[in-house]
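Have a look at the structure below, then the notes.
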Amino acid sequence: MPNYSSPHMPDSLSSSIHTTIIDTSMIAPGVLGVKITGRLDATSTGDIWRVADREINRTSPQRIVVDTSEMVYCDGSGMGFLFELRRRQQKAGGKLEILGLQPKFQHLLDLFDPSEFEETPAIKPKSVGFAEKIGRATCQICEHAYALIEFLGEAGAALVQALLNPKQVRWKDAFLVAETAGVNALPVIGLVGFLMGLIMAFQAAIPMRQFGAEIYVANLVGLSMVRELGPLMTAVVLAGRSGSAFAAELGTMKINEEIDALITMGLDPVRFLVVTRVLAAVIMTPLLTLFADLIGVMGGSIVLLSMGYSLSSYFNQMVSMVNYVDLLGGLFKSIVFGLMVAGIGCLRGLQTEIGASAVGDSTTRAVVGGIVLIVVADGIFSVVYYYLGI
Amino acid sequence: MNQIQDPIIWVENLTAGYSGTIVVDNVSFEVNRGEVFAILGGSGSGKSTLLKLIIGLHKPLSGRILIDGQDMVSAEGQERLALLRKFGVMYQRGALFGSMTLLENVRLPLEEFTDLPPPAMDLIAMMKLSLVGLKEFGDLMPAELSGGMQKRAAIARAMALDPQILFLDELSAGLDPITSADLDQLVLSLAHNLNITFVIVTHELSSIYTIADRIIMLDKQSKGIIAEGHPQDLRDHSENTFVRRFFNRRGASDSVFGEFDGESQSRKKGA
């Protein structure tokens, strides 16, 4: 085993045992003497810096004489201190003399030119005026709108082309997405749908019972699940589960230059990545919605069964109120929701910028954008369906 | 460099691997204080694994790693933190924090580990950036820089606390020749003036001829060291044909070698 004790360079971490001392005194009128003894390194320079700063501010010397003959070591932080003295004196028109500095440290100190560091390089907060903020926000909104329209056009064209030439679609990828976004979502959709039907029926049954109208819970659960809650809840779960996944997946591909690789290979990323995902979502969302409707209705039936009604009376009461138009209207809505959730997920993924936080931002924007779009579209559907008499 | 003077890194019978596959088998070597040491090898020869073992990112299957006399493998808690403070690492792709500006990246270790006044931290961080030629870019985000600039900023961050050892993973890969030569000079200057030990992991020869005092070469097949010494000696006198071929490939011409070798030799005499 070699001997680890270093004869020529003490350990930087053991600087606490090598006490570093700074002595300051006025050695002549207007001349501040600074003597540094020991190691001037990252650990010790902080105190030295503060002492020197205080003394120089107090005395405002014309000349500073730094004696470093007993300074055994000086690292980058110490170099920063000596450089700061030099810079400060040069700025104030004073003089600085460094005595006894070992040539190797002098060599490193000479690498820096005080005139290049005239301003203290403090981290400046980027202040932006109010008008500029409004301008920037407007530009950003316009850019986003432009990107959205561009994307809608591209994706729409690619989807139409895919429908005209189904052979061009990468069905294998699409089915894989359908499996992860659709089949794997069955448990969570089932659970949320069941509880939603159950809770809604339970909350409604208690006040309705006072009027002996609890059988109408079947109407309430059936209509609200099939027309509204089934599609809406499925789409929200899809946005949280799959919209975010699409954005993260495409965002990571963008960062890893996989999207660039597709483009340079002559493959259209929209056709290759977006069409498969959108098709999968459009196929899977109505199926999931149907599943949610059924499970929700089942959940409602539990409440009425527990109140002594038979399953057949529950079912008969429901079909007297809910017809196929309601069901199809709900399923059509879910197709549109699926299209929007998948589209916004892919768009945000493709818009991912560089950096570790970029994928996170895209994912958040995909989910938030997806949910906002779903709710807005649902409102529009309500109005349209009302006028159509659906 | 046959005599062992003052090892700062001591690796003994090191064996390591992943999921049943041995990558580094029974490797022993030492790095002397203040020298520029290079770990060479082709792709898949285990040089990155060796680096990760030394800096404590992976645990070896067996063997010892001593840094400045302290065991890196078994160190825990405060002892491990103290060991980590002894070295800085420049990762191959920079690994700068994307949410901070360059200056903030370099300033971070100073903020966390020293009690310098804030303007002092700014100045020192700026001086480190100036050393790598990035003084004007302190307020930019890493994403706004080219790959080479990110790498230089990563060196500045690794140097922030002036550690005793600097590990540089692929120093010159992806850099233009002028920047690369400037960095070589920086390495030489820091090694000579501040006695910083450099461990450079690379498969590129150009910098090695300029700056390395000593190298080891790893081999994929034997999973161990097939050559150890000064690059010039290995090029001319190695008995291993693979080593001779490695050193005699284009880019390591006699003229280039001779020009830099003189400087390297004179530095050693001075050190």
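Of all the numbered requirements in (1) within 14 Å of another protein chain (Cβ to nearest Cβ); (2) closer than 25 Å to A:Lys104 by Cα, B:Trp10 misses one, and that requirement is (2).
Can you give me the number of residues within the range A:73-98 that are more than 15 Å from A:Phe117 (Cα to Cα) and either touching a Ser or Thr at 6+ places or on another chain (Cβ under 8 Å) or not in a helix (DSSP H, G or I) (or both)? Quick ask: steps written out before the conclusion?
As a first pass, look at the range A:73-98 and keep what is more than 15 Å from A:Phe117 (Cα to Cα): A:73-78, A:93-98.
Going one step further and asking which of them are either touching a Ser or Thr at 6+ places or on another chain (Cβ under 8 Å) or not in a helix (DSSP H, G or I) (or both), we end up with A:73-75, A:77-78, A:93-98.
Of the residues in that region, 11 qualify.
If the condition is being surrounded by fewer than 21 Cβ atoms within 10 Å (Cβ to Cβ), of a type in the set (Gly, Ala, Ser) and out of contact with any helix residue (DSSP H, G or I) (no Cβ under 9 Å at 6 or more places or on another chain), then the range B:25-51 contributes B:Ser28, B:Ser43, B:Gly44, B:Ser48.
Quick test for you: out of B:Ile54, B:Ile22, pick the one residue that is surrounded by fewer than 17 Cβ atoms within 10 Å (Cβ to Cβ) and out of contact with any Asp or Glu (no Cβ under 6 Å at 6 or more places or on another chain). Steps first, answer last, please.
Numbers: B:Ile54 fails: surrounded by fewer than 17 Cβ atoms within 10 Å (Cβ to Cβ).
Testing whether each residue is surrounded by fewer than 17 Cβ atoms within 10 Å (Cβ to Cβ) and out of contact with any Asp or Glu (no Cβ under 6 Å at 6 or more places or on another chain) leaves just B:Ile22.
If only residues of the range A:126-144 that are loosely packed, with under 10 Cβ neighbours inside 10 Å and either within 11 Å of chain B (Cβ to nearest Cβ) or within 30 Å of B:Lys128 (Cα to Cα) (or both) are counted, the one that is modelled with the highest pLDDT is A:Ser127.
Scanning the range A:110-125 for any residue that is modelled with pLDDT of 80 or more, more than 14 Å from every other protein chain (Cβ to nearest Cβ) and part of a helix (DSSP H, G or I) turns up nothing. Quick one: is A:Ile302 more than 14 Å from chain B (Cβ to nearest Cβ), more than 18 Å from A:Val237 (Cα to Cα) and either surrounded by 15 or more Cβ atoms within 10 Å (Cβ to Cβ) or in contact (Cβ under 8 Å) with a residue 24 or more places away in the chain (or both)? Yes.
Inclusion of A:Glu179 among residues that are in contact with a helix residue (DSSP H, G or I) (Cβ under 9 Å, 6 or more places away or on another chain), free of Cβ contacts under 8 Å to residues at least 24 places away in the same chain, more than 28 Å from B:Ala143 (Cβ to Cβ) and of a type in the set (Asp, Glu) is warranted. Restricting the search to helices (runs of 4 or more DSSP H) fully inside the range B:86-173 and requiring at least 3 residues that are facing another protein chain (nearest Cβ under 8 Å) and of a type outside the set (Gly, Ala, Ser) gives B:102-113, B:118-131.
Just so you know, in the range A:322-374 the residues that are surrounded by fewer than 17 Cβ atoms within 10 Å (Cβ to Cβ) and hydroxyl-bearing (Ser, Thr, Tyr) include one that is modelled with the highest pLDDT, and it is A:Thr364. Residues in the range B:56-67 that are within 16 Å of the chain's Cα centre (by Cα) and at pLDDT 90 or above: B:Ile67 alone. Annotation note: of A:Arg88, A:Arg58, the sole residue that is surrounded by fewer than 20 Cβ atoms within 10 Å (Cβ to Cβ), within 14 Å of chain B (Cβ to nearest Cβ), at pLDDT below 90 and under 23 Å from B:Pro119 (Cβ atoms) is A:Arg88. Would the range A:267-278 turn up any residue that is touching a helix residue (DSSP H, G or I) at 6+ places or on another chain (Cβ under 9 Å) and under 30 Å from A:Tyr386 (Cβ atoms)? Yes, the range A:267-278 contains a residue that is touching a helix residue (DSSP H, G or I) at 6+ places or on another chain (Cβ under 9 Å) and under 30 Å from A:Tyr386 (Cβ atoms). What do you reckon, is B:Ser99 surrounded by fewer than 24 Cβ atoms within 10 Å (Cβ to Cβ), in contact with a Phe, Trp or Tyr (Cβ under 8 Å, 6 or more places away or on another chain) and of a type in the set (S, T, N, Q)? Here the answer is no, as B:Ser99 does not meet what is asked. Residue count for the range A:55-100, restricted to those that are aliphatic (A, V, I, L, M), touching a strand residue (DSSP E or B) at 6+ places or on another chain (Cβ under 7 Å) and within 20 Å of A:Thr43 (Cβ to Cβ): 5.
The values are calculated or read from the model by the stated rules, or taken from the named source; none is laboratory data. Given the structure is predicted, the values throughout are model-derived calculations rather than measurements. Note: ideal-geometry Cβ built from the backbone for every residue, glycine included; neighbour counts use all protein chains shown.
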